[in-house]
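Encoded as structure tokens, the structure appears first; notes follow it.
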Amino acid sequence: MVIDTTHIKGLVIITPERFGDHRDFFGETYSRDWLAVHGVTFDFVQDNHSLSAQVGTVHGLHFQRPPRAQAKLVRCGRGVLFDVAVDIRRGSPSYGQWFGVELSFESGKQLFIPAGFAHGFVTRTPETEIIYKCSDSYAPETEGALAWNDPDIGIDWGLGDTAPILSAKDAAARAFASFDSPFTYDEAAS
């Protein structure tokens, strides 16, 4: 595996090696021991798998509040998606900043997102699958969402002329300016 850092402390891109021949390939997508050696030390308790049928399907920006906050390890099982994480840790030097990366089946890239980030993605191809590990189980009483298109965050989703396909929850998500974050930046933990 290869780990690349991003401009936001804590967010890393992980690219597993693939070994193959004329028949297929094999790749190890998660190794707790290998990641721990490289500073990624979360135990994951739940795997999620989602299929979006249409191009331009937007999910997010979602998070779970403490004590049920989730770190995530995100990858694309089929198709192509643009994955985004927004730093919502009060006191962070990158508070309110976002990072995005294209994830695809072909590249095998993954994005590790620690707790304290809002997460979202948009599909680039039809029939796109996202697969992600979570460090805590789904707890609907702690979930929150920020507006995917909030101008204060300024995410370039790369939609062009494509109209976004949204859930009712995502269409009604709150503005960043009115958000009182339950997360606090911890320099030592990042």
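Tallying residues that are touching a residue at least 24 places away in the same chain (Cβ under 8 Å) and either of a type outside the set (A, V, I, L, M) or over 26 Å from residue 124 (Cβ atoms) (or both) within region 1-34 yields 13. Sort out which residues of region 131-152 are in a strand (DSSP E or B) and either modelled with pLDDT under 95 or in contact with an Asp or Glu (Cβ under 8 Å, 6 or more places away or on another chain) (or both), and write them in order of number. Answer for region 131-152, where residues must be in a strand (DSSP E or B) and either modelled with pLDDT under 95 or in contact with an Asp or Glu (Cβ under 8 Å, 6 or more places away or on another chain) (or both): 131, 132, 133, 134, 145.
Scanning region 1-27 for residues that are over 19 Å from residue 116 (Cα atoms), touching a strand residue (DSSP E or B) at 6+ places or on another chain (Cβ under 9 Å) and assigned to a loop (DSSP other than H, G, I, E, B) yields 1, 16, 17. One residue is enough: does region 100-112 have a residue meeting the conditions among the aliphatic types (A, V, I, L, M) and over 11 Å from the mean Cα position of the chain (by Cα)? Among the residues of region 100-112, not one is among the aliphatic types (A, V, I, L, M) and over 11 Å from the mean Cα position of the chain (by Cα), which makes the answer no.
Going residue by residue through region 36-49, is there one that turns out to be over 12 Å from residue 111 (Cα atoms), free of Cβ contacts under 8 Å to residues at least 60 places away in the same chain, out of contact with any Asp or Glu (no Cβ under 9 Å at 6 or more places or on another chain) and hydrophobic (A, V, I, L, M, F, W, C)? Yes, region 36-49 has at least one match. Looking only at region 58-82, filter to residues that are in a loop (DSSP other than H, G, I, E, B) and small (Gly, Ala, Ser); which one of those is farthest from residue 145 (Cα to Cα)? Applying the filter and picking the extreme gives 79. One residue stands out among those in region 83-115 that are of a type in the set (A, V, I, L, M) and part of a strand (DSSP E or B): the one that is surrounded by the most Cβ atoms within 10 Å (Cβ to Cβ), which is 85.
The values are calculated or read from the model by the stated rules, or taken from the named source; none is laboratory data. This structure is a prediction, so every number in the text was calculated from the model and none was measured. With ideal geometry, Cβ positions are generated from the backbone for all residues, glycine too; neighbour counts draw on all protein chains shown.
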